[in-house]
Amino acid sequence: MAMGAIDLLPGAKLPKGRVYPLSIPERKAMEDYIQEALKQGFIRPSTSPAASSFFFVGKNDGGLRPCIDYRMLNSQKVELPYPLILVPAALEELRGARVFSKMNLRSAYNLVRIREGDEWKMAFITPAGHYEYRVMPYGLSNSPSVFQSFMNEEFWEFLNKFLIVYIDDILIYSRNLAEHRHHVTQVLQKLRQHQLYLKLEKCEFHRFSVQFLEYVISKERYPDGLGEG
């Protein structure tokens, strides 16, 4: 499993968050989240001197999304220089492609372990206690770069041939359906090998037109194989 390092700047100040009051539904959601994350091994009880605040934001479907306020930690740590891909430039590889599949990974960042000894820096405080992440969480500014590095390393043999990966979004492109089926199988096998799981509700397979990020990809609408939405 990939590892994510959290290096602090010289003289860094540790986050000292406060416990936010939660409504009854939020309290229930917090308890469920904590128990599930403990069971999965994503978090553990903490005695860290650091403590970022825990709260919820509303989701579009009416649910609650747990969040950690890592703004203070983000300002006190060394930023990872690993770049994300330039999507418009990457899409130039699609010229001539006719069949597309897109995929989205589930709990992507949580699949990368925090470097051993750095877990205390990821501590957060809740009305139910003090915990720390053992995996890369959402809200940490290094998480996208760490995960992009991991995906590029594991899928390097497919990149710029029939695959584009932007953090947890995957696009497979091929010249014909037979070729595409083989490409999709190769990617799915690699995902299974690394225990990467998909959000099926956000996946589309064997399409002649898909929306990938903010772009509409369609051979029928755009003869050169590339079209911006």
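The values are calculated or read from the model by the stated rules, or taken from the named source; none is laboratory data. Quick caveat, the model's predicted, so the values are computed rather than measured. Note: ideal-geometry Cβ built from the backbone for every residue, glycine included; neighbour counts use all protein chains shown. Please note that ligands, DNA and RNA were not included when accessible areas were found on the heavy atoms of the full protein model with its side chains. Shrake-Rupley method; radii C 1.70, N 1.55, O 1.52, S 1.80 Å.
Tell me, which residue of the stretch 113-140 that is surrounded by 19 or more Cβ atoms within 10 Å (Cβ to Cβ) and out of contact with any Lys or Arg (no Cβ under 9 Å at 6 or more places or on another chain) is farthest from V19 (Cα to Cα)?
By that ranking, first place goes to D118.
What number of residues within the stretch 174-199 are more than 18 Å from the chain's Cα centre (by Cα) and over 15 Å from E154 (Cβ atoms)?
Residues in the stretch 174-199 being more than 18 Å from the chain's Cα centre (by Cα) and over 15 Å from E154 (Cβ atoms): 12 in total.
Residue by residue through the stretch 48-70, note down the ones that are open to solvent by 50 Å² or more (accessible area, probe 1.4 Å) and in contact (Cβ under 8 Å) with a residue 12 or more places away in the chain. Can you show your working first?
At the first step, the residues of the stretch 48-70 found to be open to solvent by 50 Å² or more (accessible area, probe 1.4 Å) are 49, 55, 57-62, 64-65.
Those that are open to solvent by 50 Å² or more (accessible area, probe 1.4 Å) and in contact (Cβ under 8 Å) with a residue 12 or more places away in the chain: P49, F55, L64.
Of the residues L86, L14, which is under 29 Å from E153 (Cβ atoms) and of a type outside the set (S, T, N, Q)?
L86
E31 fails exactly one of the following numbered conditions: (1) free of Cβ contacts under 8 Å to residues at least 24 places away in the same chain; (2) assigned to a helix (DSSP H, G or I); (3) more than 30 Å from S174 (Cα to Cα). What is the number of that condition?
Evaluating E31 over (1) free of Cβ contacts under 8 Å to residues at least 24 places away in the same chain; (2) assigned to a helix (DSSP H, G or I); (3) more than 30 Å from S174 (Cα to Cα) leaves (1) as the failure.
When the stretch 141-164 is examined, which residues are found to be in a loop (DSSP other than H, G, I, E, B) and either among the aliphatic types (A, V, I, L, M) or open to solvent by 20 Å² or more (accessible area, probe 1.4 Å) (or both)?
S141, W156, E157, N160, K161
Only one of R207, R181, R175 is modelled with pLDDT under 95, over 25 Å from V146 (Cα atoms) and in contact with a Ser or Thr (Cβ under 9 Å, 6 or more places away or on another chain); which?
That would be R207, the only listed residue that is modelled with pLDDT under 95, over 25 Å from V146 (Cα atoms) and in contact with a Ser or Thr (Cβ under 9 Å, 6 or more places away or on another chain).
Which members of the stretch 89-112 meet the condition of being open to solvent by 40 Å² or more (accessible area, probe 1.4 Å) and either free of Cβ contacts under 8 Å to residues at least 60 places away in the same chain or of a type in the set (V, I, T) (or both)?
A89
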